[in-house]
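Encoded as structure tokens, the structure appears first; notes follow it.
FYI, it's all coordinate maths here, none of it is from the lab. All figures in this text were calculated on a predicted structure; none of them were measured in a lab. As a convention, Cβ positions derive from the backbone with ideal geometry for all residues, glycine included, and neighbour counts pool all protein chains shown.
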Amino acid sequence: MEQLLTIDSLFTLFMLVLLQAVLGFDNLLYISLESKKAPESQQSFVRKMGVGLAIILRIVLLFVLMSLIQFFQDPFVSLHDNAFIEFDFNVHSIIVLAGGVFIIYTAIKEIWHMMLLHEHEAAEKDKKKGSTKKIILWIVIMNLVFSFDSILSAMALTSHMEYIPQLVLMSIAIVIGGILMIVLADKVSNFLQKNRMYEVLGLFILFIVGIMLLSEGGHLAHLHLFHNEITPMSKTTFYFVIIVLVIVDIVQGRYQKNLLAKKRHQEALIKDEEENKI
């Protein structure tokens, strides 16, 4: 117990919570977008219940990874000396790859619906009739997919500690991170609801998250295509791309507003000229 009250332990806890917050951004975005498929009156409940269940399962996953970490890292199927593809798939890589594929599919499907307004409106009505339990289930599943990297990073950050203090600190960080996610998920969802144009930006960011997971999964599987190794997208690159997307979206939005204002001004001038002729 004394090890948990030291300055070093408190600093480690702060770093763990910060790690949960930074690595949880993409998860937060997914939760906010996925919860919109539920009826409006139940969306906040869906987010809270989904993250709440995910917190419990994250702690369970933490115990499992601490006990069976080698099983998740050991390859169970391999292919080498092939001119087209080589790999060493393990459980960790399969989970990350599957999560990446699902997120890319979700982002593309939603972007396609937005491009087809009538179909999008119909899809929105169908989503409202969707099962709340099913939406919560997907939030929990994807939360666990995103959990692997954060838990493994947390294990590395606390590797200098004994087993029990390490488990306690990481569990506390997971709970605090989950509570922050519940609070921020409502705020992010409300922001997207009031600013529907940013929903497109969110979906493209989600698409990049899927690509990042695919690259990470390929790296974990030691995947080579045509003798070219798949390397993971770094978090630095990920956030740089997000910043660029946000800047482009802001500039484009203001440019469109200026064009619309100029068009309205020209129409007003033409109208005034016609009235003066009359």
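Numbers below:
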item: Options (i) -0.34, -0.43, -0.74, -1.35; (ii) -0.29, -0.38, -0.70, -1.52; (iii) -0.43, -0.53, -0.86, -1.39 - which one matches log10 I(q)/I(0) by the Debye sum over Cα atoms at q = 0.08, 0.09, 0.12, 0.17 Å⁻¹ as calculated here; result: (iii)
item: For the stretch 176-254: rounded, prolate or oblate by the Cα gyration tensor [a/c cutoff 1.5]; result: oblate
item: Residues whose placed amide H lies under 5 Å from that of HIS222, excluding near-sequence neighbours; result: ASP88
item: Lysines with Cα under 25 Å of LYS133, excluding same-chain neighbours fewer than 8 positions away; result: LYS36, LYS37, LYS48, LYS109, LYS125, LYS187
item: Among SER153, SER67, SER44: highest mean-square fluctuation, GNM of the chain, C-alpha pairs under 10 Å; result: SER67
item: For the stretch 73-83, Karplus couplings with θ = phi - 60° (6.51, -1.76, 1.60), whole Hz, Gly/Pro x; result: 9, 6, x, 10, 8, 9, 8, 9, 6, 10, 6
item: Sequence-distant residues sharing a close amide H with MET233 (under 5 Å, placed H); result: SER215, GLU216
item: Total lysine pairs whose alpha carbons fall under 29 Å of each other in the stretch 235-278 (8 or more apart, or interchain); result: 5
item: Packing-based ranking, highest mean first, of 94-103, 133-142 given that Cβ atoms within 10 Å are counted; result: 94-103, 133-142
item: Rounded tilt (10° steps) of 91-115 against the dominant C-alpha axis of the chain; result: 10 degrees
item: Candidates ILE205, ILE164, ILE230, ranked by Gaussian network fluctuation over the chain, Cα under 10 Å, top entry; result: ILE164
item: Among ALA261, ALA154, ALA83, residue whose mean-square fluctuation peaks in a GNM of the chain (springs only between Cα atoms under 10 Å); result: ALA261
